[in-house]
1. How big is region 50-182 by the Kirkwood estimate over distinct Cα pairs, in Å?
2. Which translational diffusion coefficient, to the nearest whole µm²/s, is obtained for region 63-131 from the Stokes-Einstein equation, given a Kirkwood hydrodynamic radius over C-alpha pairs, 10 °C and 1.306 mPa s?
3. Which order do peptides 136-143, 44-51 fall in by mean Cβ count within 10 Å, highest first?
Amino acid sequence: MTQTSRALLPLLLLLPILLTGCGADKEEGTARTAAGLDAAAKTWGVAPELVYVTEVSGYTVFQESVGEYEGQFAAAYRSKDRATRFGLFVDRGTLTADNCSKQPLGEVTAKRVSCERDGDAWYRKAGASHEYAIPRNGVVIELIAGTEKVDRAVLRKAAEAVHRPDDAELAELLPATNGADT
């Protein structure tokens with residue numbers, strides 16, 4: 001979905017949502033995360049189970065990119081120097097040895113998709129795009145970039161670090177509140 005991530009950036013909307021909470025015990029924090037995640041997902045127009053994040057040294061989430069794109073959850077991560085970026089896309093589905101090469105890689109539909117199993121993920125390549133796709137709990141999480149922009153090792157690290165957001169990570173996905181208390 002390299003083309004998707006490129007097309008996504010100009011289509012992004014800033015989302016006004018505030019998080020609540022201060023110090024709380026672990027159980028309350030989990031409930032607050034779930035409530036915050038539900039509220040954020042509703043604002044973005046996606047199901048909460050589609051919201052995932054990752055972390056890779058040298059890359060941060062581009063806040064304005066976070067939200068719904070063609071029914072999926074999407075977020076762009078860019079390098080600190082802003083020279084490179086990769087997209088994270090999450091949609092319902094499965095990815096198996098039988099269907100991996102039949103699923104288009106982003107918007108690269110005319111190119112043959114090659115698939116290589118790498119741990120719990122699939123490394124996929126088509127044309128000048130490549131991705132790590134992780135099937136998990138009825139969704140497929142895709143981390144995609146141009147082969148000339150982001151190397152495979154970066155995408156692999158991003159794939160290994162994919163997880164559901166906690167309160168702090170959820171706050172990073174949301175737009176700044178311009179000094180307002182949250």
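1. The Cα-based Kirkwood calculation yields 15.2 Å.
2. 118
3. 136-143, 44-51
Quick note: the coordinates plus some simple rules give every number you see, no bench work behind them. In this text, all values refer to a predicted model and were calculated from it rather than measured experimentally. Cβ sites come from the backbone with ideal geometry, for glycine too, and all protein chains shown count toward neighbours.
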